[in-house]
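All remarks here apply to the structure that follows.
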Amino acid sequence: MNSPNASGWKPEMTRAEGSAPATVTGNRALMLEEPLLFEIGQAGVTGVDLPPVDAAAACRLGAMKRAGIIDLPGLSEPETVRHYTRLSRQNYGIDMGLFPLGSCTMKHNPRLNEKVARMAGFADLHPLQPQDTVRGALEVINQLAFWLLELTGMHGVAMTPKAGAHGELCGILCIRAALEARGDAREVVLVPESAHGTNPATAAFAGYRVENIPANSAGRVDLAALKARLGPDVAAVMITNPNTCGLFERDMMAISDAVHAAGAFVYCDGANFNAIVGKVRPGDLGVDAMHINLHKTFSTPHGGGGPGSGPVVLSEALSPFGPLPFTARDRDGVVHLVEEESADEFGHTQAFGRMAAFHGQMGMFTRALAYILSHGADGLKQVAEDAVLNANYVLRSLEDVLDAPFAASGPCMHEALLGDAGFGGGLSTLDLAKSLIDEGYHPMTMYFPLVVHGAMLIEPTETESKAGLDQFIVAMRGLAARAKAGDESMKHAPYHAPRRRLDETLAARKPVLCWEPGRSDL
Ligand SMILES: *Cc1c(COP(=O)(O)O)cnc(C)c1O
């Protein structure tokens, strides 16, 4: 799909869309136009035949009976299946090509994970089954907890949070509980400027006032500024390491020591754990709480709001406050799953509450454990090394054609950060990203982190081969040259996607969330 120019291939040799006549249907070969379900559906058509409702039953419905018709589209089963299948073909996914979204860690999900997750003993469980009948599943949770503690060097882990953001909330609530337990109400959480939006959102949601810590010119936390701000009102510092500029926070030990000396806690956003897994244990860096996005570091498919899982590992100081069910080491180092019924027995009596009704995302647990066990200690280390190698290859292959603000800060970790300084003709990162769609790639993360103008955050992950990266680099270099030359046509890209450029501001400001019959301006 993304053939390299290096081999002499030119787009005109296979495609002549510019001169192609329009089609009657609007379809383009096997790329089909797809109307809305409401446009193709007809009243009265249905995919299932239900028996007629008898008069007595209709009578029993009484006041619950629907007064008018509801405007649901009527389609037969094949029409419905085809509609969604056609839509799915317009989707881009990690199984189709490179998905370079920085921070999101869109890596290949090994099929072995899927096989394990679909085993009936895991896939067909009901959350209300008696515990005696789900011993195997609980053992999986325990084993995964054990490995997460091993890999992070921490004391306990709450497995229940359903995503990174949920894990952040869990960690900050633990910190709040620990502070309250010592009668020390504090009001402020410090967050670096480059942090993911969920960090300040979490702190604010948990009732804290958020203050920014500036970055230094190398893209790392300004240690002196942080130290100067620490005081008796600071509850915690939320640090992302590696940070969202793709850089390792080298002063992490000094940061943790200063935060602890001020009586506060260190929360680490562990979304970028894939860059250091098997290499560094956050527990050794003085971290008190860190979420692990299982769906990033340990594969498992995600995207489009799909399932996630964000276990939170806790230090010995915070573990007593971990929510139930909770998994912690006992004095002998053995990992136990503590439930409400066994909280007294294990002495886990200060839990701040629960994060979820049941035990967490079983499908994500099985996939993550399969990933960890199939890679082993050496394999996980290689995951981190290859992810870092790939990102540096991208950074060094683009730094001469795109602004690379922190290229001089040393090697990057798992993602390369570029900016749009130097683009001509009023072009910006958005235009380059839309043009990348025409080249057959999902765009990179854009305009994040906020500390770089027109940020482009590219995370290739360890999944990509050198040949695949070379193709992507050819595409990026070509687009960078056009952007610098101020190529006007980029303002209207994409040209070849199922939809041309949409008015994203209008879509965000005036979202049309329900179908209005007869409306034609959509
Ligand atoms: C993805 C991400 C989060 C949020 O994680 P979710 O699982 O999407 O809730 C937080 N911080 C960073 C740096 C991230 O990349």
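The values are calculated or read from the model by the stated rules, or taken from the named source; none is laboratory data. As the structure is a computational prediction, the values presented were derived from the model and not from experiment. Please note: Cβ atoms are built from the backbone with ideal geometry, for glycine as well, and neighbour counts cover all protein chains shown.
From the list 266, 287, 313, which one is within 16 Å of the ligand (Cβ to nearest atom), in contact (Cβ under 8 Å) with a residue 12 or more places away in the chain, among the β-branched types (Val, Ile, Thr) and part of a loop (DSSP other than H, G, I, E, B)? Before you say what the answer is, go through the steps one by one.
Numbers: 266 fails: part of a loop (DSSP other than H, G, I, E, B); 313 fails: part of a loop (DSSP other than H, G, I, E, B).
On inspection, the qualifying residue turns out to be 287.
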Among the strands (runs of 3 or more DSSP E) contained in the stretch 152-217, which hold 1 or more residues that are polar (S, T, N, Q) and in the same structural domain as residue 240 (by TED's automatic domain parsing)? 209-213
Lone unmet requirement of (1) more than 11 Å from the ligand (Cβ to nearest atom); (2) over 22 Å from residue 463 (Cα atoms) for residue 301: (2)
Regarding the stretch 61-72, can at least one residue be identified that is more than 16 Å from the ligand (Cβ to nearest atom), assigned to a loop (DSSP other than H, G, I, E, B) and surrounded by 14 or more Cβ atoms within 10 Å (Cβ to Cβ)? no
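Among the candidates 467, 408, which residue alone is within 29 Å of residue 217 (Cβ to Cβ) and assigned to a helix (DSSP H, G or I)?
On the way: 467 fails: within 29 Å of residue 217 (Cβ to Cβ).
Result: 408 is the single residue among 467, 408 that is within 29 Å of residue 217 (Cβ to Cβ) and assigned to a helix (DSSP H, G or I).
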For the stretch 468-481, give me each residue that is touching a residue at least 60 places away in the same chain (Cβ under 8 Å) and either surrounded by fewer than 18 Cβ atoms within 10 Å (Cβ to Cβ) or not polar (S, T, N, Q) (or both). 468, 469, 470, 472, 473, 474, 475, 476, 477, 478, 480, 481
Scan the stretch 173-202 for residues that are in contact with a helix residue (DSSP H, G or I) (Cβ under 6 Å, 6 or more places away or on another chain) and within 13 Å of the ligand (Cβ to nearest atom) and jot them down. 191, 198, 202
Take the residues of the stretch 73-107 that are away from the ligand (no atom under 16 Å from the Cβ) and aromatic (Phe, Trp, Tyr): which is modelled with the highest pLDDT? 84
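Is it true that residue 302 is of a type outside the set (D, E, K, R) and out of contact with any Cys (no Cβ under 9 Å at 6 or more places or on another chain)?
It is false that residue 302 is of a type outside the set (D, E, K, R) and out of contact with any Cys (no Cβ under 9 Å at 6 or more places or on another chain).
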Which of the residues belonging to the stretch 272-281 are closer than 30 Å to residue 182 by Cβ and away from the ligand (no atom under 14 Å from the Cβ)? 280, 281
Within the stretch 238-249, can one find any residue that is of a type in the set (A, V, I, L, M, F, W, C), within 15 Å of the ligand (Cβ to nearest atom), more than 29 Å from residue 378 (Cα to Cα) and at pLDDT 95 or above? yes
